[in-house]
1. In Å², what does the accessible area per residue of the stretch 70-158 work out to with a 1.4 Å probe?
2. Which order do the peptides 124-131, 81-88 come out in when sorted by mean C-beta neighbours inside 10 angstrom, highest first?
3. First select every other residue whose beta carbon is under 13 angstrom from the beta carbon of residue 149; then total the charges, Lys and Arg +1, Asp and Glu -1.
4. Between beta-carbons, use under 12 Å as the cut-off and find the net charge around residue 80, counting Lys and Arg +1, Asp and Glu -1.
5. Say R0 is 35 Å: what FRET efficiency, to the nearest 0.05, do residue 89 and residue 118 get from their beta-carbon distance?
6. For residue 111 and residue 82 in the same chain, what is the full-extension length gain: residue separation times 0.36 nm, less their Cα-Cα distance, in nm?
7. Listed highest first by mean packing, meaning other Cβ atoms within 10 Å per residue, what order do 151-158, 134-141 come in?
8. Checking the a/c ratio against 1.5 first, then a/b against b/c, what shape does the Cα gyration tensor give for the stretch 70-158?
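The values are calculated or read from the model by the stated rules, or taken from the named source; none is laboratory data. Because the structure is a prediction, the values reported are computed rather than measured. Positions of Cβ are generated from backbone atoms using ideal geometry, with glycine treated the same way; all protein chains shown enter the neighbour counts. These area figures cover heavy atoms from the full protein model, side chains too; ligands, DNA and RNA do not enter into them. Shrake-Rupley method; radii C 1.70, N 1.55, O 1.52, S 1.80 Å.
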Amino acid sequence: MIEGEERGRLDGVPENLQPKARPRDKERKQGGAPPPPPPLSGQPGQASGSFALNNPTIISLLYLAGFMTIITSIVGLVLAFVWKDEPHEAWEDSHYQYLINTFWIGLAGSIIGFILMFAFIGFLIFPAIAVLFIVRSVMSLINAQKQEPMPNPGSWLV
């Protein structure tokens with residue numbers, strides 16, 4: 001190595017890797033006030049484009065989580081029965097009935113699939129029931145986010 005040649009400095013961060021100052025940072029350093037928060041949407045407590053966490057949404061999410069732990073589907077069913085009898089908005093009635101039917105479809109299909117596994121037909125029934133369960137849960141989730149009732153809550157199909 002030649003004397004006088006510098007290989008690099010180890011004290012500090014190189015300039016090309018240092019964060020650049022943003023306009024807000026300059027305002028704060030100069031004593032400017034931070035910008036106001038964005039305005040809320042028409043519904044109280046819900047920003048535009050946000051996820052509404054209403055009761056049918058919670059039940060649908062519990063059902064979908066039931067693929068990881070079966071207990072959450074049972075908790076969702078219990079909540080559907082409990083919240084069905086409490087005062088709520090009119091559009092939620094159809095969701096409770098639809099989600100209760102969804103649970104019983106999943107349970108009945110799973111029992112039938114288990115019994116028919118010995119005839120090798122159950123291996124076809126399990127995926128079909130799983131897809132139906134997921135589709136019904138997601139449809140309820142989407143309509144709950146729009147706060148719209150389910151079109152045919154008594155249906156045993158989609």
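1. 57
2. Values: 124-131: 14.0, 81-88: 12.0.
Per-residue Cβ counts within 10 Å, averaged per peptide and sorted highest first, yield 124-131, 81-88.
3. Numbers: positive: 146; negative: 89, 92, 93, 148.
Value of the local net charge: -3.
4. -3
5. FRET efficiency, residue 89 to residue 118: 0.15.
6. Gain on stretching residue 111 to residue 82: 7.9 nm.
7. 134-141, 151-158
8. It is prolate, given that a/c is not under 1.5 and a/b is the larger ratio.
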